[in-house]
Structures are given as structure tokens and as C-alpha cells.
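Accompanying notes for the structure given below.
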Amino acid sequence: MGNHQGRLIAALSAQFRNIDLAEDVLQDALAVALISWPKKGVPHDPKGWLYQTAKRKAIDRYRRRTTRRDKSGALAYQTHLNIMTDDDIINGEIDAEQNLPDERLGLIFACCHPALPALAHTALTLKTVCGLSTPQIAAAFLVSETTMAQRIVRAKNKIKKAGIPFVVPDAGLWTERWKSVLGVVYLIFNAGYSSLDQDKDVDLCAEAIRLGRILVKLLPDEAEAAGLLALMLLTHARRPARLASPDIYISLEEQNRNLWDKGKISEGQDLLLKTLTKGRPDVYQIQAAISAVHCQAASFVDTDWQEITVLYERLYAYEPTPIVLLNASVALSFAQGPAAGLASLEPVSQNAKLDNYQPYHAARADMLRRDGRFVDAQKSYKQAIALSRSATEQEYLAVKMASMKL
């Protein structure tokens, strides 16, 4: 079922306003399919067959749980839904788009509702829209299966008790909720991209890109969604070179650019150009533009670092955080030299939030090393190594530190 599970869960959840029920009846429908399809053949429209069968299963459950008076209403509701028999679905010519409404956007908004804890947004989106199992999600985010299961159950109960609708919100709530949705998708992508483990059962980057494609398809006029998808494609295109040797951390400077995925680069660049023609570039579009500059360079030294510095400065106007300033300083250190980067980094270093931020110490160590300030660089390298949770990254930093002649 794979990519279709999210759409089926979304359609059933919107129909019956209950995610648990949607998941249960879909499993029931799959069980029926395992018996019916080998005997009668795979239906012309498998997704439509599963959807109609699951709807009938839901109505059956509803009827069994109600009083006689309520049963009449349930039967009327069943007639309204035009529930078909298995044979009808197998033998009939069904229009999948008509019989299986695409309610995924509404489900994504429900999963990212502000009434739910932020930690639940990502887990619930992966569970319902992407169709990942609880053990898979728990493993991807390095928490116990029990913890993740409880988080998902609490979120589902909250949606049910609070009556959170499976719909796209009104225009007045659009901006707040839309940013939350995009933020969850990007969080999923970054969780996958930051991992150097290729043996995971779940490729979170691929799942995030799939969600991005859904958002762009459902909302083709939303530049922010297209900008996020372009950013993920352009970033993910470089991942094969980054993971070429699983036991070795390969920095951007040392990557074999022949391994970059040219198809994703081309798709990301085309998508970015289309979004930029709409004017008013947003956070994701600017970040995608930064990634595009990297992808256009034949080598690390050929990178237009001055352009990247300017783009980070533009990004800061939208997102005034010390992390953006840190990235701008790194770009400046390659555009105008490590001394210039260190000077621009000085105001950032006063922010206590970066004390335990590993990339800050790694970036500062690299600039100090390139500037010949080896004693100070060694201190920063040691801090970066201590804060790193990746053994391969720790080894990479240790080699860089050992390369200095103190």
C-alpha cells in the first residue's frame, strides 16, 4: 500500500473524525483483501476498493455500538455514503479520484494543530500521513517505543476530545498554522539529514520530500511550500557524497561532487526559479537559493561565497537568530578570509544560547585553524568534540585538530 496509506487514512479520518477508527478499519479492509483478491482478482481500483470496504467496516462498527434508534440514523448514513459491496467494487469501473477524496492536507493541519504539544506534531504526521509504524518513528528519533506510542496516543485522544477538525483552517488562521505545517516537514527532513546512519529502516529525508510534494500538489500557488520542497531537493542532492563512506565524516569541502544527484539539483533549481518569479522570497526560498549556489559550483573553492554571505544577511531579516549570523560568518570567512569571519562572529559569541551548540564551536575552530591561531583552535575543537553525538564527526574533528602544528 506504501504511498497510498496516508491518503486512505486521511480520507477515512475526515469521514469519521477519528484517526484510530480510520486506522483500524483500514487494517480490516486489508485483511478482507488478502482473502478476496487471490480468489476474485485484484480490483481495477485497489485504493478505491480499500476505501469503500473500510467505510463499510466503519459503519458496521458504528451500528453495533449504538442504540436501536441510533441504528436507523447509521443506516441512513450508510445509504448516503453509497457503500458498495466487494463484488461491486471489483467488477465495476471506479474513478479513484471520485471515490477516494484527497484529505491529506486537512489531516496534516489536524496533526499540527496548536492545541497539540509540538513534540506530537512530527510523530503524528509520520504515523498518519506517511504511514510509518510507531517502532520506526521511535527509532528515527532515538526514543523508546513506549514513549513514542504514548505521545501518539495522547495526541489522537486530544484531537478526538477537542473536536479538532480535519480541514484546512480559515484564512484568518492560515499564516500561523501553515508555518507550523512547513516547520514540521522541515524538522522531519533535518532529522534524517543530520543522521550519518545509512542502516535506518526509515529515510526521514525521503518522507519529508514526499510530504513536500503532497503540499505542492495540493496547494500549487503557495510559494512557501514550493520553496521548502526546492530546499529539501537541493540539500538532499548532496547527501550521496556526504555518506559515500559511512564510517568517515565527509565535509562539503571534501565531497566528490560527481556523486551529487543531478536530477534532484535540476528539479530543485527549476522549482526555485518558479517560486522566485512570484516575488517576496521567504525563509525557505532564501535557504534554497543558498543551497543552489553550492550546487552550481564546480568545486568548493569556486563557490560564490560572497553571494552566500549576502543571502544569509537577507535571511537574517526574516529570521534574526544567532544561528543565521553564525552561518553568515562562516560564509564571510571563505569570501574574505578567516579573520573577517572571526570578527563578524564576535557579537554572536556573546549569546549564551550557543555555549552548547556544537556547530558554533566546530565553525569557530575551523576559522581559528585557518587563521593560524592553533592554541585557540584546539580549545574550540575540544569543545566541539565533547558536544558532538556522532562518533564519525568526532573522529573528523580530532583529525583536523591533530593536523595543526602547535
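Derivation of every value follows stated rules applied to the coordinates shown; laboratory data play no part. Model, not experiment: these values are computed from the prediction. As a convention, Cβ positions derive from the backbone with ideal geometry for all residues, glycine included, and neighbour counts pool all protein chains shown.
If you take all other residues with their beta carbon under 15 Å from the beta carbon of Glu307, and give Lys and Arg +1 and Asp and Glu -1, the sum is -2.
Summary of packing: across the peptides 181-187, 245-251, the per-residue average of other C-beta atoms within 10 Å ranks them, highest first, as 181-187, 245-251.
Phi-derived couplings, Karplus 6.51 cos²θ - 1.76 cosθ + 1.60 at θ = phi - 60°, listed residue by residue for region 28-39: 4, 5, 5, 5, 5, 4, 4, 8, 6, 5, x, 7 Hz, with x used for Gly and Pro. Extension gain, Gln336-Glu176: 0.36 nm per intervening residue step, less the Cα-Cα distance, totals 53.7 nm. Would you mind checking the tilt of helix 5-16 against the longest principal axis of the Cα atoms of the chain, expressed as 0 to 90 degrees and rounded to 10? Long axis of 5-16 versus the principal axis of the chain: about 50 degrees.
Short-range pairs are left out: with C-alpha atoms under 8 Å and at least six residues apart, the relative contact order of region 319-406 is 22 percent. Placing unit charges on the Cβ atoms only, positive for Lys and Arg and negative for Asp and Glu, gives the chain a dipole magnitude near 1320 debye about its Cα centre. Using a basic spin-label model with each label point 7 Å from the Cα along Cα→Cβ, how many nm lie between Ser251 and Leu119? It works out to 3.5 nm between the two label points. In summary, the lysines within cross-link reach of Lys264, defined as a Cα separation below 23 angstrom excluding same-chain residues under 8 places away, comprise Lys200, Lys217, Lys274, Lys278.
Dipole orientation for the chain: of the candidates Gln378, Ala33, Ala140, Ala33 has the Cα lying most toward the positive pole (charges on Cβ; Lys, Arg +1; Asp, Glu -1).
A value for Cα Rg over 2.2 N^0.38 Å was derived from the coordinates, and within the list (1) 1.17; (2) 1.50; (3) 1.40 it appears as (1). Angle of helix 283-296 to the longest C-alpha principal axis of the chain, folded into 0 to 90 degrees and rounded to 10: 60°.
By the rule of a C-alpha distance below 25 Å, with chain neighbours fewer than 8 residues away ignored, the lysines paired with Lys55 are Lys39, Lys40, Lys47, Lys71, Lys127, Lys156, Lys158, Lys160, Lys161.
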